[in-house]
1. Name the residue, out of 136, 91, 95, 107, that is under 20 Å from the mean Cα position of the chain (by Cα), touching a residue at least 24 places away in the same chain (Cβ under 8 Å) and farther than 23 Å from residue 288 by Cβ.
2. Test of understanding: among 426, 449, 389, 412, which residue is touching a helix residue (DSSP H, G or I) at 6+ places or on another chain (Cβ under 6 Å), modelled with pLDDT under 85 and crowded, with 22+ Cβ neighbours inside 10 Å?
3. Within the range 18-38, can you find the residues that are crowded, with 22+ Cβ neighbours inside 10 Å and either β-branched (Val, Ile, Thr) or within 30 Å of residue 68 (Cα to Cα) (or both)?
4. Tell me the residue from 89, 105, 109 that is assigned to a helix (DSSP H, G or I), modelled with pLDDT under 90 and surrounded by fewer than 18 Cβ atoms within 10 Å (Cβ to Cβ), please.
5. Which one of 248, 230, 203, 217 is buried (at least 19 other Cβ atoms within 10 Å of the Cβ), touching a helix residue (DSSP H, G or I) at 6+ places or on another chain (Cβ under 6 Å) and within 28 Å of residue 481 (Cβ to Cβ)?
6. Return only the number of the condition from (1) in a strand (DSSP E or B); (2) over 21 Å from residue 182 (Cα atoms) that residue 55 does not satisfy.
7. Can you say whether residue 242 is closer than 24 Å to residue 509 by Cα and in contact with a His (Cβ under 7 Å, 6 or more places away or on another chain), as far as the supplied structure shows?
Amino acid sequence: MLEALAKTGASTEITKPLLLVCVYASLGGIGFGMDYNYWSGFLGMAQFAKDFGVYNEVTDEWYIPSTWQSAATGTPTAGLALGALVSGVIGNRIGRVKTFLVSAVIGVVGILIQACSFGSYWQFMVGRIVNAVSLGIVCNVVPAYQSECAPFKIRGSLINTYQFSLLVGGTLIQTANWGLHERTDQWAYRVVILLQFIVPIVLLIGAFVLPESPRWLVGKGRRDDAAKVLHLLRRGTPHDLIEQEADLLYLSEQEQQALHGSVSWLDCFKGPNLRRTAIATGMQCMQQTQGSGFMSNYLVVFLQGIGITNEYRTSVLMTFTNMMSCAFAFYFVDRLGRRPLVLASTVVMGASMFAIAGVTGYGDQQANASGALAGLFLWQIFQAIGWSSCVWIITAEVPTLQLREKTITIASFSGFVVNVLVTYISPFIQDTEYAGLEGRIGFIYGGFSVLALVWAFFVVPELKGRSLEELDELFENRVSTLKFQRYECQGYGSRLTMAENVAHDESARKEFLKVEGVEVDV
């Protein structure tokens, strides 16, 4: 990860405090990845079915009914949506870091309920819902916090640490499932539950030492506190330049408040903010309609359905591939940009899903299973590089500061609602007892990729290389999607961008500060 960051030009922008802050905050992604991926393994685990499922006298086997699978998979996603709403209410009021604290406490309670479940499937589900509330808060506040702390040149890469951590968590928990699933006692699944305690406990400790977001502080009128945080995060940047950046952040925020005054949830749907909300919400929803949630929650069951043996090993390899592919985004997202990655990945994801659907259920099952598996790996690779990485980057970047929590909340809540629908409906579409599509469910997800491609081309602009304040100007001036990159900003945002650009050039720094009318430190 560090090597990839260095190749983006991050070596001149990254500092140890900045890296530690962003990486530490992204640990919440590990918890999300664990929760998002362990359930798929449990649904295919014989011992879990025996301890929590229903006995079938005809087959002499224990199993989890499709209706139960749907309830315990989809309902926790409603918990994610609730957590997103909670984050939107408290995030701006108490700050990003204190919101981490709230999330960690709720997470510990939710995991404890699961760990204390003995034979009660529905108690287990309640624990998943409570923990999901915690994770819904995390997925809102972490990208927002990272975007507000990061320099614009490496903002995409630093926000991507959240998604990368999510996949690290998924890989770790899938590996644990693989190593334990053949056990014939409760520890086949209980160890996996206990492992999830690590992340919220670590976040609980870190919440007492992390600095607050400088932009949140500016939004609360605490300009001097914001400057102190900037000095910490941008260690090595000259004092006079940091002070000028703090002034520009403050002036930009004052300008936004003068334009919009006090804001409410309805303001997310007014004027240029409607467009920003539509972009963030569309990114979240389109990711789910292309099969992201389905692959996380039903991967093992899906692999079993298309005839893959060693499905646990395969799921681990697939999640590991996903994680390593996401690492490429560290290099590409601030070089090529968000838009090319989203568009290119959508094409490959759609083609992969159509290929999976096309080969499944026809001819030799073993040959078709191999073809479907190849399509799945290809889908995972490009989904990780494109949508998986860019969805949180774009969602965090596109809102204005005054409405960031509210816009991210609306977007992630909408995405989770779509995910609920997908996870509730998918078992009935896939299961042979109902629609019986099995691998042919790829026709549905591939079709949504076609829609996502058209939508992204005309709606999603390129956001790389711009300060968050420049993005305010671009949206305020209603610059069209295809002209975003070529537009020259003139306001406070462009001056902030210039301040960051001259940070490591002594003569340019002095010239910039002279133009700004600031006394230069010798």
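1. So the residue among 136, 91, 95, 107 that is under 20 Å from the mean Cα position of the chain (by Cα), touching a residue at least 24 places away in the same chain (Cβ under 8 Å) and farther than 23 Å from residue 288 by Cβ is 95.
2. So the residue among 426, 449, 389, 412 that is touching a helix residue (DSSP H, G or I) at 6+ places or on another chain (Cβ under 6 Å), modelled with pLDDT under 85 and crowded, with 22+ Cβ neighbours inside 10 Å is 426.
3. Listed by number, the residues that qualify are 21, 28, 29, 30, 31, 32, 33, 34, 35, 36, 37, 38.
4. Answer to the selection: 89.
5. Numbers: 230 fails: within 28 Å of residue 481 (Cβ to Cβ); 203 fails: within 28 Å of residue 481 (Cβ to Cβ); 217 fails: within 28 Å of residue 481 (Cβ to Cβ).
The unique qualifying residue is 248.
6. (2)
7. Numbers: closer than 24 Å to residue 509 by Cα: yes; in contact with a His (Cβ under 7 Å, 6 or more places away or on another chain): yes.
Taking the combined requirement at face value, the residue satisfies it.
Yes or no, residue by residue, for (1) over 30 Å from residue 459 (Cα atoms); (2) free of Cβ contacts under 8 Å to residues at least 24 places away in the same chain:
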position	(1), (2)
201	yes, no
209	yes, yes
227	yes, yes
242	yes, yes
249	no, no
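The values are calculated or read from the model by the stated rules, or taken from the named source; none is laboratory data. Please read these numbers as outputs of a predicted model, since none were measured by experiment. For neighbour counting, all protein chains shown are included, and Cβ atoms are generated from backbone atoms with ideal geometry for every residue, glycine included.
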